[in-house]
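See structure below.
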2 protein chains.
Amino acid sequence: MAGVDLDKHRSMHRFVLSLIESLNKELGFEVSGIGGYTASVKYSGLNLSLHVDGVGTKTIVLQKLGKMRVAGWDCVAMNVNDVVCDGAKPIAVVDYIAMPKADEETFKDIVEGVVDAARVARIAVLGGETAILPDLANGVDVVCTVLAVRDSSFSNTTHIGDVVIGVSSWGLHANGYSLVRKVLESRNIGYSSTIDGINLADELAKPVAIYSNLVRDLIDQRLVTSVAHITGGAFTKLKRVTPPNVNMVLDMPKPPKIFEAIMELGNISVDEMYRVFNMGVGLILTASKENIHDIENIIKSHNFEFYELGRVVDGSGKVVLNTVYGKTIVF
Amino acid sequence: MAGVDLDKHRSMHRFVLSLIESLNKELGFEVSGIGGYTASVKYSGLNLSLHVDGVGTKTIVLQKLGKMRVAGWDCVAMNVNDVVCDGAKPIAVVDYIAMPKADEETFKDIVEGVVDAARVARIAVLGGETAILPDLANGVDVVCTVLAVRDSSFSNTTHIGDVVIGVSSWGLHANGYSLVRKVLESRNIGYSSTIDGINLADELAKPVAIYSNLVRDLIDQRLVTSVAHITGGAFTKLKRVTPPNVNMVLDMPKPPKIFEAIMELGNISVDEMYRVFNMGVGLILTASKENIHDIENIIKSHNFEFYELGRVVDGSGKVVLNTVYGKTIVF
């Protein structure tokens, strides 16, 4: 894989969890959700969550394309999409921008994007920090932290017999850009080229879809049993909502052309594609079968495509993806 | 100045404020404190604040000295020190670490430092994000976001007749490292050298003092009228707590040797020194004269030095620093 070593990441992850869990216990804090999408601390009767995530390598591409407003948008979108998966309501955001040199135009673009997305996600913007770090930053790093309140008893777990539903993405979102850059650079393909009739500049600068309003509607109406935002690690994220006694089996639709173009150009395995990219499906829900038409209507009313993808069956905590490439992937 | 162009910074700052203030109004959020140390949004009867800040260039020095645990500590310390100045109680923190390559040892050091500082500041750690960004990050960027609850009616404004009190710093804290690096590199002085009897490695790796418990004690007991954390911009930060009808006049003590060594080596003006460095005083308080002995006792009980520095007098919003170098600086 380009860019990110997930195994090393996971071992780091485990180390952090044990360290912070003992600290929180020692200080007498009631903290839940450590290791999930977002952790929260109980304070004055509220479950207050913080979630931080950055746009990563996509900013390199966006800057070359003159689209840094999308970086600001994405940074909010990724965070609100994550926090709603655990039944939290996003309330406010702060941003952090690291730049190699003061660049007012880029800064304005990013903040305008943050505000655009905050407007759609209906959250307050509480300011932020811009650090000019000539010796630390090679490019522009755009990071947001979202404050959310977990106000529901949503357990985010699938049950045997549930249907699996997919919600369309707006393209690559903000994942897999290290791999995309590697593929394009190794072929000497510029970010503004056209390949297989695809305008790369358009595809690479598409923003991350904001799913938070949709997910809040579905959870408020108690229509879904689990919600997974398909981000870093792509469909491996489904492991989080799959308990050890079930398997989640999905028949994945044919992905949009951009994903197939990247796969072919980079000679990337089907397995890797589904570990890195959302493949056209940015959100996966599970629900009782009787709710499926209500869910379809709500998804469409939020202007997303609805896909019925499969079932949750008796099993052993596995996620089984049947792809259109004749290959079945098991996580 | 090395590293940071504060004027450009300020113009960006104004742009952000107007944009986010209109968004928050449009969405119906009750937001206060935009432009101060930390802004908060009213939610369910609580004033919830988010504050983000990073360690910046100091991490380059800390990494060379093998002291990245201090980076984790500092990142928490800087944030909790800021939020308490506005009368907020810090509750929880998340960290964001950007690295050019996965480096488990450095990662562990940083997280241990975060946990060390969270223990002292008595806040929960709610996880974080580590991004491996080979093309974006040259060094390790360490950033924290703190959630705080503004639970007091503390107005953070000085009054005519108040005394001005200083609290000792633990050295450079995390400000001025771009300038320090420039000075040392231009003289070919390594970070582990000894100059004028000063062990540079020790001085440069000193952590940021955590003032949050001290400040909470002083505010809870209503002993102070204003609190200023001397960070980026150093003593220009006092402008924030100085209303337009007063002047704050301070007789600054002789700074610790490290500051004078940097000033001499770099041939830096006295004016610039007080705009960049804390000069041995990391926190400035104002209070009614009758509280001064209580305040002195509390500061000493938190193991800091107490300095009586001056008075708040009739004036025009100016901060007047009388230095031991025969030069008076006016901000």
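For (1) assigned to a helix (DSSP H, G or I); (2) within 30 Å of A:Glu129 (Cβ to Cβ); (3) β-branched (Val, Ile, Thr), each residue gets a yes or a no:
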{"residue": "B:Arg240", "(1), (2), (3)": "yes, yes, no"}
{"residue": "B:Met273", "(1), (2), (3)": "yes, yes, no"}
{"residue": "B:Val312", "(1), (2), (3)": "no, yes, yes"}
{"residue": "B:Gly317", "(1), (2), (3)": "no, yes, no"}
Would you point out which residue out of B:Ala174, B:Ala118, B:Ala124 is in the same structural domain as B:Arg222 (by TED's automatic domain parsing) and surrounded by 23 or more Cβ atoms within 10 Å (Cβ to Cβ)?
B:Ala174
Among the residues of the range A:14-30, the number that are open to solvent by 40 Å² or more (accessible area, probe 1.4 Å) and without any contact (Cβ under 8 Å) to a residue 12 or more places away in the chain is 9
Going by the conditions given, is B:Ser301 touching a Leu at 6+ places or on another chain (Cβ under 9 Å), surrounded by fewer than 14 Cβ atoms within 10 Å (Cβ to Cβ) and closer than 25 Å to B:Val84 by Cβ?
yes
Between B:Gly87, B:Gly113, B:Gly166, which is at pLDDT below 95 and either touching a Phe, Trp or Tyr at 6+ places or on another chain (Cβ under 9 Å) or of a type in the set (S, T, N, Q) (or both)?
B:Gly87
Go through the range A:152-171 residue by residue and tally those that are open to solvent by 10 Å² or more (accessible area, probe 1.4 Å) and among the aliphatic types (A, V, I, L, M).
1
Could you say which residue among A:Ala131, A:Ala148, A:Ala118, A:Ala137 is of a type in the set (A, V, I, L, M), within 17 Å of B:Glu30 (Cα to Cα) and out of contact with any Ser or Thr (no Cβ under 8 Å at 6 or more places or on another chain)?
A:Ala118
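Just to check your reading of the model, which residue among B:Phe277, B:Phe259, B:Phe306 is in contact with an Asp or Glu (Cβ under 6 Å, 6 or more places away or on another chain), at pLDDT 95 or above and either open to solvent by less than 50 Å² (accessible area, probe 1.4 Å) or outside the structural domain of B:Glu203 (by TED's automatic domain parsing) (or both)? Step through it out loud before you land on a result.
On the way: B:Phe277 fails: in contact with an Asp or Glu (Cβ under 6 Å, 6 or more places away or on another chain); B:Phe259 fails: in contact with an Asp or Glu (Cβ under 6 Å, 6 or more places away or on another chain).
When all the criteria are applied, what remains is B:Phe306.
What tally of residues in the range A:206-232 results from selecting those that are open to solvent by 10 Å² or more (accessible area, probe 1.4 Å), assigned to a loop (DSSP other than H, G, I, E, B) and more than 16 Å from A:Val163 (Cα to Cα)?
Summing the residues that are open to solvent by 10 Å² or more (accessible area, probe 1.4 Å), assigned to a loop (DSSP other than H, G, I, E, B) and more than 16 Å from A:Val163 (Cα to Cα) in the range A:206-232 gives 6.
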Any chance A:Asp202 is open to solvent by 20 Å² or more (accessible area, probe 1.4 Å), of a type outside the set (S, T, N, Q) and touching a helix residue (DSSP H, G or I) at 6+ places or on another chain (Cβ under 7 Å)
no
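Could you tell me which of the residues A:Val149, A:Val83 is in contact (Cβ under 8 Å) with a residue 40 or more places away in the chain and surrounded by 24 or more Cβ atoms within 10 Å (Cβ to Cβ)?
Numbers: A:Val149 fails: surrounded by 24 or more Cβ atoms within 10 Å (Cβ to Cβ).
Result of the check over A:Val149, A:Val83: A:Val83.
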Could you tell me which of the residues A:Thr323, A:Thr286, A:Thr328 is free of Cβ contacts under 8 Å to residues at least 40 places away in the same chain and open to solvent by less than 80 Å² (accessible area, probe 1.4 Å)?
A:Thr328
Meets criteria (among the basic types (Lys, Arg) and modelled with pLDDT under 95) for A:Lys237
yes
With charged (D, E, K, R) and touching a strand residue (DSSP E or B) at 6+ places or on another chain (Cβ under 6 Å) as the only criterion, which of A:Lys89, A:Lys64, A:Lys58 stands out?
A:Lys89
List every residue pair whose Cβ atoms lie under 8 Å apart, where the two residues are 6 or more positions apart in sequence or sit on different chains, the first residue falls within the range B:170-187 and is farther than 28 Å from B:Phe306 by Cα, and the second residue, located anywhere, is aromatic (Phe, Trp, Tyr) and open to solvent by 10 Å² or more (accessible area, probe 1.4 Å).
B:Leu184/B:Tyr191
Go through the residues of the range B:56-76 one by one and say whether even a single one is modelled with pLDDT of 95 or more, among the basic types (Lys, Arg) and either under 29 Å from A:Arg122 (Cβ atoms) or in contact with a Leu (Cβ under 6 Å, 6 or more places away or on another chain) (or both).
no
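Select from the range A:127-141 the residues that are touching a residue at least 60 places away in the same chain (Cβ under 8 Å) and either more than 7 Å from chain B (Cβ to nearest Cβ) or not acidic (Asp, Glu) (or both) and list them in ascending order. Before the answer, list the steps.
Step one: filter the range A:127-141 for residues touching a residue at least 60 places away in the same chain (Cβ under 8 Å), giving A:139-141.
Once the filter is applied, which keeps residues that are touching a residue at least 60 places away in the same chain (Cβ under 8 Å) and either more than 7 Å from chain B (Cβ to nearest Cβ) or not acidic (Asp, Glu) (or both), the range A:127-141 yields A:Gly139, A:Val140.
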How many of the residues making up the range A:240-251 are open to solvent by less than 30 Å² (accessible area, probe 1.4 Å) and touching a helix residue (DSSP H, G or I) at 6+ places or on another chain (Cβ under 9 Å)?
3
Going residue by residue through the range A:31-53, is there one that turns out to be closer than 21 Å to A:Val94 by Cα, open to solvent by less than 20 Å² (accessible area, probe 1.4 Å), modelled with pLDDT of 85 or more and more than 9 Å from every other protein chain (Cβ to nearest Cβ)?
no
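Residue under question is A:Ala124, and the condition is that it be facing chain B (nearest Cβ under 8 Å), under 22 Å from the mean Cα position of the chain (by Cα) and of a type in the set (A, V, I, L, M, F, W, C); does it hold? Can you show your working first?
On the way: facing chain B (nearest Cβ under 8 Å): yes; under 22 Å from the mean Cα position of the chain (by Cα): yes; of a type in the set (A, V, I, L, M, F, W, C): yes.
Yes; evaluated as a whole, the condition is true for this residue.
Can you tell me which residue among A:Lys254, A:Lys237, A:Lys182 is over 22 Å from A:Arg119 (Cβ atoms), among the basic types (Lys, Arg) and either surrounded by 22 or more Cβ atoms within 10 Å (Cβ to Cβ) or touching a His at 6+ places or on another chain (Cβ under 9 Å) (or both)?
Numbers: A:Lys254 fails: either surrounded by 22 or more Cβ atoms within 10 Å (Cβ to Cβ) or touching a His at 6+ places or on another chain (Cβ under 9 Å) (or both); A:Lys182 fails: either surrounded by 22 or more Cβ atoms within 10 Å (Cβ to Cβ) or touching a His at 6+ places or on another chain (Cβ under 9 Å) (or both).
Being over 22 Å from A:Arg119 (Cβ atoms), among the basic types (Lys, Arg) and either surrounded by 22 or more Cβ atoms within 10 Å (Cβ to Cβ) or touching a His at 6+ places or on another chain (Cβ under 9 Å) (or both) holds for just one of A:Lys254, A:Lys237, A:Lys182, which is A:Lys237.
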Hey, A:Asp74 hits all of (1) open to solvent by 10 Å² or more (accessible area, probe 1.4 Å); (2) more than 7 Å from every other protein chain (Cβ to nearest Cβ); (3) acidic (Asp, Glu) but one; which does it fall short on?
(1)
Does B:Val224 satisfy the condition of being in contact with a Gly (Cβ under 8 Å, 6 or more places away or on another chain), more than 17 Å from B:Pro90 (Cβ to Cβ) and modelled with pLDDT of 95 or more?
no
Only residues that are open to solvent by 10 Å² or more (accessible area, probe 1.4 Å), within 18 Å of B:Leu136 (Cβ to Cβ) and within 7 Å of chain B (Cβ to nearest Cβ): list them for the range A:95-106, please.
A:Ala102
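The values are calculated or read from the model by the stated rules, or taken from the named source; none is laboratory data. Everything quoted here is computed from the prediction, not taken from an experiment. Quick reminder, even Gly has a Cβ in these numbers, built from the backbone with ideal geometry, and neighbours come from all protein chains shown. Areas reflect the complete protein model, heavy atoms only, side chains present, ligands, DNA and RNA absent. Shrake-Rupley method; radii C 1.70, N 1.55, O 1.52, S 1.80 Å.
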